[in-house]
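Data block below; observations after.
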Amino acid sequence: MDRPFDSAQDRPWLKHYEPGVRAHFDYPARPMHAFLEDVATQSPDKTATIFGGVAQDALLDAKLSYSELNDQTNRLANALTALGVKKGDRVALYLPNCPQFVIAYYAILKLGAIVAPNNPMYVPRELEFQLNDSGAETMVCLSRLYPYVRMVRPNTKLRNVVVTSMKEYFPPRLKAIFEQFVEEKDGHRATIGADEHWFQDVLNAAPATPPNVTVDPEDTAVLLYTGGTTGVPKAAEITHKNVVANAFQCKEWVSNVPKESHDATIVALPLYHSYAMTVCMNNAVLQEMPMILIPDPRNLAHVLKSIDCHHPTYFPGVPTMYTAIINYPDLGKYRIKSIKACLSGAAALPLPVQMKFQELTGARLVEGYGLSEATPVTHDNPLFGDNRIGTIGVPFPDTDAKIVDVETGEQEMPLGERGELIVKGPQVMKGYWNRPDETRLALRGGWLYTGDIAIMDEDGYFRIVDRKKDMIIAGGYNIYPRDVEEVLYEHPQILEAAVAGVTDPYRGETVKAYVVLKPGQTATAEDIMAFCRERLAAFKCPKIVEVRESLPKTMIGKILRRQLVAEEQAKK
């Protein structure tokens, strides 16, 4: 949608354009790894990664400079070439957040090969499917995950396995602690096969000269797996052009955040996910910032201690992460006022969480939106401008968006009316890997059909109502879970909430709420239903409330509503 915006202050990239002109900006037609090489040349001594055990001791962390990072990516690229990896080959990553992930990611890109990241929480069945779907013949994996790789390898095309340990990039003191208290105690010291390789061995044996491979912006860079609307995992085929465009869009979005000498990004979001890949890693490279790598985002002590110690200014996250922090019992022990900008994505950001986090930190926490098929970000609220609570903001620069009818996807809906959100921009994927039918459904006439129900207001701000597939139809009424969840988050005793439709013999479906209470708090199902009846139309109110110890989540922290529905179906 081409529409005017009133203030260049609200959308900083408009400073070069007249209001009312489509927000277009130019980004370089270069592959993503070229920007790492630029930083290594221009600012070789700047810190690229910070990694270690800061949660235990502020001195127990290690750093790589950008020149060191680039040197090691060159070495790994040459080592992979020696193993037979060539342009277009898929190389799987099975790693948590650690320097090895960043090194491997850029090394693969330098070869013109394709990064195929895997969730490190995957069990063998899930890993085997993804390896076969991508056709990966080479993998870099963590030593403690190696047994799963060994288990599935005979059923895949894997020819090369490079194994690495968390300790390889620890400082000496922490490395000794790790070897004594983790490897020996828990048996995580891997014994690899004769035809497999240790990460440091292949690095040390390879030259640091840049690989001589020509990579075009239209070449595929990454396969990002997503469940999509069908629940069947499929890979969004993301090009270098997509990756570079979205990284530059993110950089432009935060261009009016005051610069600090200690600027750094907390990388607690998992790097295998598109959100962290773009907003944390690639954006950090463009801004020449350190990445503070957190292997386990659930380790809040590590996150908070890292903020206290390194004073980062950027903290991309998800609502469950911010919720956990504002309710952390020892939050007062940590200095967290360095945080300036927080972009929340992956799920709806409840207003009470947003307001409380901003109050405690002084930071700007804004809600945005994206999906793996768009690398992923398409919308965000301005950090310093008209931040509209409850919306996902406005489209990113050079991104068009509109609302169309759910039934046909062809009729544009009037302002304020619900429909499916569709987007168009340079960050939108090439298509789904080896799935032409799925691609035709998702990409129509140059537009990406998101599967999300949204509303656009008269100023061009968008609000996500829900997923098409999550809409509850009870007694003929359309009910959107997010409407109910927003009310549940206002309840003073509720920490987390999710709403789903469950089968009802009379209404077809009925509304069920799943809630987790704050520590030390009590509330009955009837208390919660009564609270909702005061704030919602009767047909929207939960008829069933289940109080739970926890809600199922992805590693990124997104609540798995689909799993809750599956649990209900399994009870029958």
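The values are calculated or read from the model by the stated rules, or taken from the named source; none is laboratory data. These numbers come from a predicted model, not from an experiment. Here the Cβ is made from the backbone with ideal geometry for all residues, glycine too, and neighbour counts use every protein chain on show.
Worth pointing out:
- In the set (1) more than 21 Å from the chain's Cα centre (by Cα); (2) surrounded by 19 or more Cβ atoms within 10 Å (Cβ to Cβ); (3) assigned by TED's automatic domain parsing to the domain that holds residue 249; (4) in a loop (DSSP other than H, G, I, E, B), the condition left unmet by residue 426 is number (1).
- When the stretch 524-537 is filtered for residues that are among the aliphatic types (A, V, I, L, M), in a loop (DSSP other than H, G, I, E, B) and more than 33 Å from the chain's Cα centre (by Cα), only 537 remains.
- In the stretch 538-572, the residues that are part of a loop (DSSP other than H, G, I, E, B) and farther than 19 Å from residue 273 by Cα: 541, 542, 543, 549, 550, 551, 571, 572
This table checks each residue for (1) crowded, with 24+ Cβ neighbours inside 10 Å; (2) of a type in the set (A, V, I, L, M, F, W, C); (3) within 14 Å of the chain's Cα centre (by Cα).
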{"residue": "243", "(1), (2), (3)": "yes, yes, yes"}
{"residue": "254", "(1), (2), (3)": "no, yes, no"}
{"residue": "269", "(1), (2), (3)": "yes, yes, yes"}
{"residue": "274", "(1), (2), (3)": "yes, no, yes"}
{"residue": "288", "(1), (2), (3)": "no, no, no"}
{"residue": "302", "(1), (2), (3)": "no, no, no"}
{"residue": "311", "(1), (2), (3)": "no, no, no"}
{"residue": "315", "(1), (2), (3)": "yes, yes, yes"}
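- All conditions in (1) modelled with pLDDT of 50 or more; (2) surrounded by 21 or more Cβ atoms within 10 Å (Cβ to Cβ); (3) outside the structural domain of residue 287 (by TED's automatic domain parsing); (4) not hydroxyl-bearing (Ser, Thr, Tyr) hold for residue 26, with the sole exception of (2).
- Residue that is surrounded by the fewest Cβ atoms within 10 Å (Cβ to Cβ), among those in the stretch 539-557 that are under 21 Å from residue 491 (Cβ atoms) and modelled with pLDDT under 85: 539
- Scanning the stretch 209-254 for residues that are of a type in the set (D, E, K, R) and at pLDDT 95 or above gives 216, 218, 219, 237, 241.
- Against the test of being free of Cβ contacts under 8 Å to residues at least 40 places away in the same chain and of a type in the set (Gly, Ala, Ser), the options 460, 501, 451, 446 yield a single qualifying residue, 446.
- Being among the charged types (D, E, K, R) and at pLDDT 85 or above is a property that does not hold for residue 509.
- Test for residue 450: is it in contact with a strand residue (DSSP E or B) (Cβ under 7 Å, 6 or more places away or on another chain) and in a strand (DSSP E or B): yes
- Considering 296, 308, the condition of being in the same structural domain as residue 70 (by TED's automatic domain parsing) and in a helix (DSSP H, G or I) is satisfied by 308 alone.
- Residues being surrounded by fewer than 17 Cβ atoms within 10 Å (Cβ to Cβ) and in contact with a Lys or Arg (Cβ under 8 Å, 6 or more places away or on another chain) - total across the stretch 440-449: 1
- Residue in the stretch 97-105 that is aliphatic (A, V, I, L, M), surrounded by fewer than 18 Cβ atoms within 10 Å (Cβ to Cβ) and under 17 Å from residue 145 (Cα atoms) present: no
- Exactly one residue out of 161, 115, 140, 152 is farther than 23 Å from residue 296 by Cα and part of a strand (DSSP E or B), and it is 161.
- Test: residue 71 is in a helix (DSSP H, G or I), closer than 21 Å to residue 154 by Cβ, of a type in the set (D, E, K, R) and in the same structural domain as residue 310 (by TED's automatic domain parsing): no
- Filter result for the condition that a residue is in a helix (DSSP H, G or I), in contact (Cβ under 8 Å) with a residue 60 or more places away in the chain, among the hydrophobic types (A, V, I, L, M, F, W, C) and on the phi < 0 side of the Ramachandran plot, over 279, 222: 279
- If the condition is being exposed (fewer than 15 other Cβ atoms within 10 Å of the Cβ) and either at pLDDT 80 or above or of a type in the set (A, V, I, L, M, F, W, C) (or both), then the stretch 167-194 contributes 176, 181, 194.
- Between 400, 405, 386, the distinction of being among the charged types (D, E, K, R), within 25 Å of residue 221 (Cβ to Cβ) and surrounded by fewer than 24 Cβ atoms within 10 Å (Cβ to Cβ) belongs to 400 only.
- Residue ID - farthest from the chain's Cα centre (by Cα), chosen from residues in the stretch 408-423 that are crowded, with 17+ Cβ neighbours inside 10 Å and of a type outside the set (Gly, Ala, Ser): 413
- Conditions (1) surrounded by fewer than 24 Cβ atoms within 10 Å (Cβ to Cβ); (2) touching a residue at least 60 places away in the same chain (Cβ under 8 Å); (3) among the polar types (S, T, N, Q); number of the one not met by residue 361: (2)
- Residue 465 being in contact with a helix residue (DSSP H, G or I) (Cβ under 7 Å, 6 or more places away or on another chain), in a strand (DSSP E or B) and modelled with pLDDT of 95 or more: no
- Selected residue (criterion: surrounded by the most Cβ atoms within 10 Å (Cβ to Cβ)) from residues of the stretch 492-521 that are of a type in the set (D, E, K, R) and not in a strand (DSSP E or B): 507
- Residue match in the stretch 54-68 (condition: modelled with pLDDT of 95 or more, out of contact with any Lys or Arg (no Cβ under 9 Å at 6 or more places or on another chain), in a helix (DSSP H, G or I) and not polar (S, T, N, Q)): yes
- Answer residue from the stretch 333-354, given it is over 20 Å from the mean Cα position of the chain (by Cα) and either assigned by TED's automatic domain parsing to the domain that holds residue 555 or modelled with pLDDT under 90 (or both) and is farthest from residue 393 (Cα to Cα) among those: 352
- Flag for residue 437 being among the charged types (D, E, K, R), surrounded by fewer than 24 Cβ atoms within 10 Å (Cβ to Cβ) and within 25 Å of residue 259 (Cα to Cα): no
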